[in-house]
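The values are calculated or read from the model by the stated rules, or taken from the named source; none is laboratory data. Since the model is a prediction, treat every value here as computed from it, not as a measurement. A quick note on method: Cβ atoms are made from the backbone with ideal geometry, for glycine too, and the neighbour counts reach across all protein chains shown.
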Amino acid sequence: MKLDWPVQPEPPHNRNEQMSSEVTGRPICVLVVEDDTILRLHAIDIVEEAGFTAIEAGNADEAIAILEKRSDITLLFTDVNMPGSMDGLKLAHAVHNRWPPIKIVVVSGHLQLEQDALPSHSRFFGKPFEARTMVTELRNMIEK
């Protein structure tokens with residue numbers, strides 16, 4: 001008599017299990033820049049759901065200060081409309097020019113940006129976006 005056990009699907013990604021760089025073994029850090037606290041916390045949840053460590057900033061000036069002090073930021077996740085000396089699109093270009101290896105995700109609920117408005121090798125997502133889709137996209141961008 002042959003028993004066929006049901007095949008168990010692969011368990012979902014453990015939100016507490018952080019992805020790390022194969023080179024350094026350190027957690028992968030994503031800088032989340034969003035002036036709205038509720039939206040920033042939601043973005044942080046998405047970043048952590050993807051298995052990354054989230055570092056937060058409320059505007060572009062805070063983000064630049066963080067980047068000047070840290071060398072472990074792998075990806076910038078920024079909203080476009082923010083107060084301060086520059087908006088998220090200008091921040092994305094500044095980060096790309098000054099720290100070219102950092103991957104960039106730009107999001108907006110008010111604008112629809114074309115790819116040619118973004119720095120090369122960056123992605124744009126309109127709000128609202130599905131958390132599951134964003135988790136997948138963040139993982140894909142980091143793995144490239």
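Here is how the numbers come out for the structure above:
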{"quantity": "Near pairs, Cβ below 8 angstrom, 6+ apart or cross-chain, from segment 35-60 (free of Cβ contacts under 8 Å to residues at least 24 places away in the same chain) to any residue that is among the charged types (D, E, K, R)", "calculated": "ARG40/GLU34; ARG40/GLU56; ILE44/GLU56"}
{"quantity": "Hits in segment 114-126 (condition: part of a loop (DSSP other than H, G, I, E, B) and surrounded by fewer than 16 Cβ atoms within 10 Å (Cβ to Cβ))", "calculated": "GLU114, SER120, HIS121"}
{"quantity": "When residues of segment 55-105 are limited to those that are small (Gly, Ala, Ser) and surrounded by fewer than 19 Cβ atoms within 10 Å (Cβ to Cβ), the one nearest to LYS127 (Cα to Cα)", "calculated": "GLY58"}
{"quantity": "When residues of segment 77-99 are limited to those that are in a loop (DSSP other than H, G, I, E, B) and farther than 16 Å from ASP36 by Cβ, the one nearest to the chain's Cα centre (by Cα)", "calculated": "TRP99"}
{"quantity": "Unique match (being modelled with pLDDT under 95, buried (at least 18 other Cβ atoms within 10 Å of the Cβ) and in contact with a strand residue (DSSP E or B) (Cβ under 6 Å, 6 or more places away or on another chain)) among ILE28, ILE46", "calculated": "ILE28"}
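Per-residue answers, yes or no, for (1) at negative phi; (2) hydroxyl-bearing (Ser, Thr, Tyr); (3) under 16 Å from the mean Cα position of the chain (by Cα); (4) part of a loop (DSSP other than H, G, I, E, B):
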| residue | (1), (2), (3), (4) |
| --- | --- |
| HIS42 | yes, no, yes, no |
| ILE66 | yes, no, yes, no |
| PRO101 | yes, no, yes, yes |
| VAL105 | yes, no, yes, no |
| GLN112 | yes, no, no, yes |
| PRO128 | yes, no, yes, yes |
